[in-house]
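I have placed the structure first, in the form of structure tokens, so that the comments after it can refer back to it.
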Amino acid sequence: MRWRGRQQSSNVDDRRRSSSGSGGFRRRTGRSPGFPTGSRTRTGGGLGIGAIIVLVAIAWITGINPLELLGGGNSPMVSGDSVSPTGELGAPDDEAGQFVSVVLADTEDTWGRIFRDGGSDYREPTLVLFSGRTGSACGFASSASGPFYCPGDQKVYIDLDFYRDLRSRFQAPGDFAQAYVIAHEIGHHVQNLLDVLPKVNAARRDAGRAESNELSVRLELQADCLAGIWAHDAEARGILEIGDIDEALNAAAQIGDDAIQQRTQGYVVPESFNHGTSAQRSRWFRRGYEQGTLDTCDTFEPANI
């Protein structure tokens, strides 16, 4: 990805020097052109310490609240103590921070144009860089739970140590694999602005576990498709390099529910999927990338997944 020397976003809240070392977990996961939202993911119960470790590993790479995987509920965990602090605002001065800031700026360009073409304004999110733990409107953000989007404050949270494991433990190297992670979380922000995210979250609260998991899968696959739309636009602007799309497709495959479960526990439990399989995640990213339009990403059509 051609990112060096390019415009950086000022919508970065860098808390890495001031992140809290205490706290718990949180969960992550409009107007203008929209998506229809249908209705239709999960497992819980008493688990031993080994299973809990597995769930934390899964949560770390996918951005799922471990408490939700343990049957703690479908709604965000909001703690009265999880006051969101403020770090250094603006573009970071280190290479890793600059990369994230450039990718964020690029998503702002893409979605700003798409929303304008649809007759509305794109409200830019803030991206929070932290180390260890920090507060958010969705509860405490933890490095153990991976990158996530919080609709309560419209911010994306990421501990950059995540990229180390993405590269080494999950065999998904490359700067565009890292960019895909950010674009996926920005996809959740787009869903929030389009009123998809609140509607699906409300439907999940009223649904049984199987239906809730299916809704979650459809929501996550749509975010993958939206990340693909950004990649489509980035390629049109000459930002991509040879191999970039392959890096993103590999990352999507490596963090599919089936791949993660097989790697972490040695077997697969399809009824517990809440992000989609490797094949589904890769397919929906590719679909957004190849077609580049919002109506491409209707994952809520019953036959679409």
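Read-outs: derived from the displayed coordinates by stated rules, not from any lab. Since the structure is predicted, the reported quantities are computational estimates derived from the model, not experimental observations. FYI the Cβ positions are ideal-geometry reconstructions off the backbone, even for glycines, and counts take in every protein chain you see.
Brief remarks on what is shown
- Distance from the alpha carbon centroid of segment 199-221 to that of segment 99-146 works out to 23 angstrom.
- When peptides 275-287, 177-189 are sorted by average Cβ neighbour count within 10 Å, with the highest value leading, the order is 177-189, 275-287.
- In terms of Cα atoms, the Rg and Dmax of segment 148-305 work out to 15.1, 45 Å.
- Once C-alpha pairs closer than 8 Å and six or more residues apart are averaged by separation and normalised to the residue number of segment 190-305, the relative contact order reads 36 percent.
- Maximal additional length on extending the Arg169-Thr293 stretch stands at 41.3 nm, based on 0.36 nm per residue less the C-alpha distance.
- Theoretical FRET efficiency, 1/(1+(r/R0)^6), r = Cβ-Cβ of Ala279 and Glu301, R0 30 Å, to 0.05: 0.95
- Residue (of Phe162, Gly208, Ser143) at the positive-pole extreme of segment 126-210, dipole from beta-carbon charges: Gly208
- Distant-in-sequence amide H partners of Ser136 (H built 1.01 Å from N, under 5 Å): Ala141
- Listed peptides 11-18, 191-198 appear in the order 191-198, 11-18 once ranked by packing, highest mean of other Cβ atoms within 10 Å at the front.
- Ordering of 248-259, 294-305 by packing [mean C-beta count within 10 Å, highest first]: 248-259, 294-305
- Karplus-based coupling profile of segment 285-290, in residue order and whole Hz: 5, 4, 4, x, 5, 6, with θ = phi - 60° in 6.51 cos²θ - 1.76 cosθ + 1.60 and x standing for Gly or Pro.
- Two-site label geometry, Arg6 and Ser120: point separation in nm, points 7 Å out along Cα→Cβ: 2.6 nm
- For Phe148, nonlocal amide neighbours, meaning residues 5 or more places apart or on other chains whose placed amide H falls under 5 Å from its own, are Tyr157.
- Ala236 paired with Asp93, simple spin-label distance in nm, labels 7 Å along Cα-to-beta-carbon: 3.8 nm
- Pairwise FRET efficiency - Asp153 versus Gln262, Cβ, R0 = 41 Å, nearest 0.05: 0.75
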